[in-house]
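Take a look at the structure set out below.
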Amino acid sequence: MSEKSIFSHIIDREIPAEIFFENERLIVIRDIKPDAPTHLLAIPKHPYSSIHEAVEAGEKDLVWELFTKLTEIAGDLHLKESGYRIIINTGHDAHQTVPHLHVHLLGGELLHMADPVPEA
Ligand code: 5GP
């Protein structure tokens, strides 16, 4: 059994976080180090280590719910009009730092483009 992730500690109320939404399957929290005025994380309560693992487990409804919940929140926060970004970092090369699946919602300002690929 691998070590409990920081997000599992938050889900179990062992570490504080600003909780935006919660149901039996997922939680939405504010990112502790926001990269934009709105920076939320949708996290499944089951500790899948990555989107890859959740898809391999056949978690179609859960993955859909993570995306639809963030989209709904983006609408509630009037980000549909200005635009927003939903992303999932997976693994080392994408700088995934917490090995517990989480989907980022970023918005509220003109977002930077993704980092350019370094020249060879
Ligand atoms: P990743 O790089 O893995 O896609 O993103 C992990 C995110 O989790 C980062 O944006 C980071 O700021 C956020 N994060 C890490 N630890 C905590 C924490 O203890 N509380 C909250 N609310 N966010 C965290």
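The values are calculated or read from the model by the stated rules, or taken from the named source; none is laboratory data. These numbers were taken from a predicted model, which means no experiment stands behind them. Neighbour counts run over all protein chains shown; Cβ positions are idealised from the backbone, glycine included. Protein only, heavy atoms only, side chains kept; ligands, DNA and RNA dropped before computing areas. Shrake-Rupley method; radii C 1.70, N 1.55, O 1.52, S 1.80 Å.
Filtering segment 1-25 to residues that are farther than 19 Å from GLN96 by Cα and either more than 13 Å from the ligand (Cβ to nearest atom) or open to solvent by 70 Å² or more (accessible area, probe 1.4 Å) (or both) leaves MET1, ASP12, ARG13, GLU14, PRO16, GLU18, PHE20, PHE21, GLU22, ASN23, GLU24, ARG25.
Would you check if there is a residue in segment 73-81 being assigned to a helix (DSSP H, G or I), within 16 Å of the ligand (Cβ to nearest atom), of a type outside the set (Ser, Thr, Tyr) and at negative phi? Yes; the residues of segment 73-81 include at least one that is assigned to a helix (DSSP H, G or I), within 16 Å of the ligand (Cβ to nearest atom), of a type outside the set (Ser, Thr, Tyr) and at negative phi.
This table checks each residue for (1) free of Cβ contacts under 8 Å to residues at least 12 places away in the same chain; (2) more than 14 Å from the ligand (Cβ to nearest atom); (3) in contact with a Lys or Arg (Cβ under 6 Å, 6 or more places away or on another chain).
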| residue | (1), (2), (3) |
| --- | --- |
| ILE43 | no, no, no |
| GLY58 | yes, yes, no |
| PRO99 | no, no, no |
| LEU106 | no, no, yes |
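If only residues of segment 26-38 that are outside any loop (DSSP other than H, G, I, E, B) and crowded, with 17+ Cβ neighbours inside 10 Å are counted, the one that is nearest to the ligand (Cβ to nearest atom) is ILE29.
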